[in-house]
Every structure is written in structure tokens, then in C-alpha cells.
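The values are calculated or read from the model by the stated rules, or taken from the named source; none is laboratory data. Note that the coordinates shown come from a computational prediction; the quantities given were computed from them, not determined experimentally. So basically every Cβ, Gly included, is an ideal-geometry build from the backbone, and we count neighbours across all protein chains shown. Please note that ligands, DNA and RNA were not included when accessible areas were found on the heavy atoms of the full protein model with its side chains. Shrake-Rupley method; radii C 1.70, N 1.55, O 1.52, S 1.80 Å.
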Amino acid sequence: MLDENEDFLEEDLTDSISADEESSGLFEHLNIKVDKNQEPLRIDKFLLIHRQNSSRNKISQTCRAGNVVVNGNPVKQNYRVKPGDEISVLLAHPPRENVIIPQDVPINIVYEDDDIVVVDKDAGMVVHPGFGNWDGTLVNALAFHFSKDPSYNSDLDRVGLVHRIDKDTSGLLVIAKNEYALSHLAKQFFDRKTRRLYWAFVWGNVQDDEGTITGHIGRHPKNRMQMYTYVDGSQGKHAVTHYKVLERFRYMTWVECKLETGRTHQIRAHMKHIGHTLFNDERYEGNIIMRGVNLPKYKQFVQNVFEVLPRHALHAHTLGFIHPVTKKEMYFESPMPKDMQDAAERWRKYLDNN
């Protein structure tokens, strides 16, 4: 059981198939844009590298069926991949999310025992396979990690995710290694008995040192890629976010957020609602200059900070819960990641010099 956490995977907010695929009865299983440094290579060999669970025969059959498409056109298995090519593999059945391919992807495990694993996730890593991200995820990495343990004999049909954070959010997650641990932890999240604090950089100088944002969270009425705050409660689900200012940077503020509820994109939608969109949050228009002065020097400074912090500034800083077996209280803290540290330091220097 998954709680409806603040940051579900990005694919949860997009259609599972495009309009073209829907009309043709095909589902996209893989989408790759070929690197600019790629040497010419037969596409069947190229796909073998990127589809570790496929055989060359399967790839050849898929090509013969016209279901390997490059730059919008079906190709044969002897097509030579070129830099910049856009490759799609389209099949007649939906991708199977329950088939988890173990992959040797580096992850930062901060705690592990027979029942749970706590991971400090890097920004940029998708948590669970889904449309557009079928491999290279945290779940693929955990499946590989568990496969190395001869004593691991989970009765789960998937890695035991209790909660998720968004692809570009960094920070702490707990994963169950057996059904009992999964059920016990899921109940704690459902009952709001876990301890979670997030750090965020938001645009503007937040007026109050502390505050509470209350408003239902639901799909945006016009932009379905965003969530929206419905203060009147007409749509969505009840949501409450408590925030506290940790440091002010004149045009940006470092805030700590405590979630009383756990809705999709709760922090992102609530902070945007009060006029303080997350810094460099592209989905919520935080990747434009929203505060400051109209000077070329300032604009260039902000662009430089965007390059240092090329994602929305949100970090799952703490995680506390009761261990499902020992019943002891577990508490973990994740330090601020380097990209957020560098961004904060640049703001401090800017304020000192201006």
C-alpha cells in the first residue's frame, strides 16, 4: 500500500499512452534519443544494450513487425543508429510494470536489516518503473541489490515501496523487504505517524517566519501536468502544509516544510498558491526569474544558479518511523545535497556584494 505522498512519480501526472499510440493500438515500451557521440551501430545491437531483458531474436521480430520506429519511420534490424536519432519501440500490449529487471545502478543505502532498507535518493532518479522510465529506476537498483543476498526470500511480487518521492526530489525513502514490514509501515504513513521534513528553496521573501497552508489539492483545471490548490474545497483532497523559514536570500527563501497530509505535489502546489513557487521548478513555472531586479547582471546571476541547481529545489531531509519488527523508533537525516548547497552559497555571496 502506497500513501498518497507529496511527490508521486512524474508519469503519474501524464497520460499512459499518446494519442497516436492510442489510435493505432500500440503502446510505447521504450523511447531513446541517441547520444551525439554515438558511433554508427546496427539498431538490433543498439537495442540489445538498452533492453537487457530482450534477445536479439525478439528485437529482430519487433523490427520485422514495423514496431521499431526511428524519427517517426519504421526501420529494419540492419538500420544503423546515428547521433540524434529518436527511437521508439511500440508493441501491441501495455508495458508490464510488475516485471522488475534487476539493474546494477548505484544507490546510497544508509540503513538496512532483514526487514527494511532506507535509501538517500539522488535527484534525477525515478523511483518506480513507469511510462517513459522502464529501467534505471530505484526499484531496478534495489532488485539487483536484493538479488545478491542469498538469504533474501521476499514474498512480495515487487520491491516493497511504502511511499515515493518525485524524480527530481532528493532525499530519504524507506523500503520494506517483506509483506509484514510493508503492511506495518504503510499503516504508519496512512495514520500520519511518520516524521518527515522537507527542505525547499522558494521564490520571494516569505513574509511570516512560520505559517500553515490549508487547501484541497487536485488536478489543475487547465494544466493537467500540475496540481492545484482549491481553497473552497470544491475539488481535490484535504491538504495541510506547515512551513518555517530557515534563511532568507532577499529574492529567495529557504523553508522547512512539514506535511500534515501527503498529497501529490503538495509542497509544490501549496507554495505556488501562496505566491512562492519552488525555485527552478519547471513544471510550476519556477524556472523563470520571478523575483528580483530588472538588471542584466542579476538576470545572469539567476541563470548561473539555475545551472548549478538544474531541478526543483526540494529535498526530503528527515524520515522517522517505528521499526515494524523491533518496534524501536528509527530516525534519519539527509544533509543538503551539493546542488542546493552550491545554490545557497551563491545567493549568500550575491547578497554580500549587492
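Helices in the chain, meaning DSSP H runs of at least 4 residues, each add -39500 (n - 2.57). Divided by all residues, the mean residue ellipticity at 222 nm is -7000 deg cm²/dmol.
Excluding residue 326 itself, what net charge comes from residues whose Cβ is under 12 Å from its Cβ, given Lys and Arg +1 and Asp and Glu -1?
-2
Residue 254 sits with roughly 40 Å² accessible to a 1.4 Å probe, with DNA, RNA and ligands left out of the calculation.
Peptides 161-172, 227-238 ordered by packing proxy, namely the average of other Cβ atoms within 10 Å per residue, highest first: 161-172, 227-238. Of all the Cα-Cα pairs you can form in segment 293-354, what percent are over 13 Å apart? Summing the P(r) tail past 13 Å for segment 293-354 gives 71 percent. Heavy-atom surface analysis with a 1.4 Å probe gives the chain a carbon and sulfur content of 48 percent of its accessible area. Distance from the C-alpha centroid of segment 297-340 to that of segment 195-251: 17 Å, rounded to the whole angstrom.
What is the sum of charges, Lys and Arg at +1 and Asp and Glu at -1, for the other residues whose Cβ falls under 12 Å from the Cβ of residue 65? Net charge in that neighbourhood comes out at +3. Under 26 Å of direct C-alpha separation, and excluding same-chain neighbours fewer than eight residues apart, residue 328 reaches these lysines: 121, 177, 187, 193, 258. Given +1 at the Cβ of Lys and Arg, -1 at the Cβ of Asp and Glu and no other charges, the dipole of the chain around its Cα centre is 720 debye to the nearest 20. Take the chain with all the other protein chains still there, run a 1.4 Å probe, and you get 49 Å² of accessible area per residue.
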